[in-house]
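In what follows, a structure is listed as structure tokens, so that the remarks can point back to it.
A short reminder: the numbers here are calculations on the coordinates, not readings from a lab. What you see is a predicted model; the values in this text were computed from it and never measured. Please note: Cβ atoms are built from the backbone with ideal geometry, for glycine as well, and neighbour counts cover all protein chains shown.
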Amino acid sequence: MLNQEAWMEEIMGLDVLDTHTHLVGDRLAARDFWEIAHYFWLNREMQAGGYPANALELTEEDRIAAFLPAYRATRNTLMNGVFTHIFRNLYGITISDEQSIRDADAAVRASAMRPQWAQEVADKLNIRAFVTNIPEHAKFNDMRRDAIVIPRIDGRLFEWTRTVHEAESPVQALDAVKQTIRQLISEFKKQGYPGIMTTLPGYDAQANRDYSVTEGATRDQMMMVLLHVICETLEQHGMFLQLFLGVERSWCGEAVPANDPQRILKLSGLFEKYAIAFELVVASEINNLDVVQAAWNFPNVHVGGMWWFNFRASTYRDSMQYRLEAIPAIKSSLIVSDARCIEWSYGKIYLVKKLIGEFLYKQIEAGWLDEETALQTAKGWLYESAARRYGFNG
């Protein structure tokens, strides 16, 4: 049996497919220290530690002075740890005082000027491919390959739903929207996109029921009708549907996690009816088990990475245990960096690899897995599951 250090090195060397990013192909690298320091997830924790919400309006001197105590106050938090690893591993800098921040800023500005920097960062963790949901962002400058495009349709879906629900003649409006959906997905197929992605808000409708627009279907019921149209059309084109679930924006001005114990259950009628792959990505802790149960029940359901409020070490560990016990690794992906610059993709994937390595090593030690099976599992979670689902052979 490998010792733990050798095992972790092997895990860190495995291929990765980052299944959800906000990377933009012509500006992959952070341009200064603050583009890394003000990443949304870290910034939330920093503000809890006293960092001002208007930090960008401060002079750089005042901003540095405000950053340091908040950084020290949040040293226990996960994103602080990732941020620390980014600068220690990529730049050889430990953030400790004002001068270290100025040194870090100079280092980031210098790396942003190097055309090969983004590829060098990706290669450090063998990140072979990235996904974007915006076709215009997919041309990755100075990288060996462009991004995989899984276009998002949530804005369109919500508009289609509103249009039909508010129409004077909902039957005619529904027919027009159906035609629009079919044309759009046909065009995506021609572009070579393997599937589409959408978020869904909370919904009071079930996929196993028939709703009629002539009998005053609610907005949520109308959305479910359109999801059937989407799935039927995807089935005709051999494409998959990626569903991002568990974030609500209707309760206040901030996005919040929503643990709905019936969220996945309400969609099971889709899983049963359509011979397409469904990839379920959730942001709410309680649904981590629900998506595994769905993947166990339905061969065409796959479990995606950890999104939004699920990106925490504790939820990763629980979710890995659920997945390990119930579903083959080839049906499970664990990587969703949600990164807006290549440095954060590196940092978050470094963390996930560390968590996977530690978790599987304990399984080997306890005798639940042998090394070969543990390695096969890690490969599925990091790369092979997503690569197969997306038709990526890079």
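For the range 311-327, the set of residues classified as buried (at least 18 other Cβ atoms within 10 Å of the Cβ), assigned to a loop (DSSP other than H, G, I, E, B) and not aliphatic (A, V, I, L, M) consists of PHE311 only. Checked against (1) touching a residue at least 60 places away in the same chain (Cβ under 8 Å); (2) closer than 16 Å to LEU17 by Cβ; (3) in contact with a helix residue (DSSP H, G or I) (Cβ under 9 Å, 6 or more places away or on another chain); (4) surrounded by fewer than 16 Cβ atoms within 10 Å (Cβ to Cβ), ALA147 meets all criteria but (4).
THR161 meets each of the listed conditions (1) touching a residue at least 60 places away in the same chain (Cβ under 8 Å); (2) of a type in the set (S, T, N, Q); (3) within 28 Å of THR214 (Cβ to Cβ); (4) out of contact with any helix residue (DSSP H, G or I) (no Cβ under 6 Å at 6 or more places or on another chain) apart from (4).
Listed here are the residues, each with its yes/no results for (1) in contact with a strand residue (DSSP E or B) (Cβ under 8 Å, 6 or more places away or on another chain); (2) farther than 20 Å from TYR383 by Cα; (3) touching a residue at least 40 places away in the same chain (Cβ under 8 Å); (4) not small (Gly, Ala, Ser).
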| position | (1), (2), (3), (4) |
| --- | --- |
| ILE230 | yes, yes, yes, yes |
| LEU234 | yes, yes, yes, yes |
| ASP260 | no, yes, yes, yes |
| ILE264 | yes, yes, no, yes |
| GLU272 | no, yes, yes, yes |
| LEU280 | yes, no, no, yes |
| ARG317 | no, no, yes, yes |
| LEU324 | no, no, yes, yes |
| PRO328 | no, no, yes, yes |
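Restricting attention to the range 64-110, the residues that are touching a residue at least 40 places away in the same chain (Cβ under 8 Å), over 21 Å from LYS124 (Cα atoms) and surrounded by fewer than 17 Cβ atoms within 10 Å (Cβ to Cβ) add up to 0. Only strands (runs of 3 or more DSSP E) whose full extent lies in the range 225-310 are considered here, and the ones with at least 2 residues that are among the small types (Gly, Ala, Ser) are 301-306. The requirement of being surrounded by fewer than 19 Cβ atoms within 10 Å (Cβ to Cβ), among the acidic types (Asp, Glu) and within 30 Å of GLY195 (Cβ to Cβ) is satisfied by ASP15.
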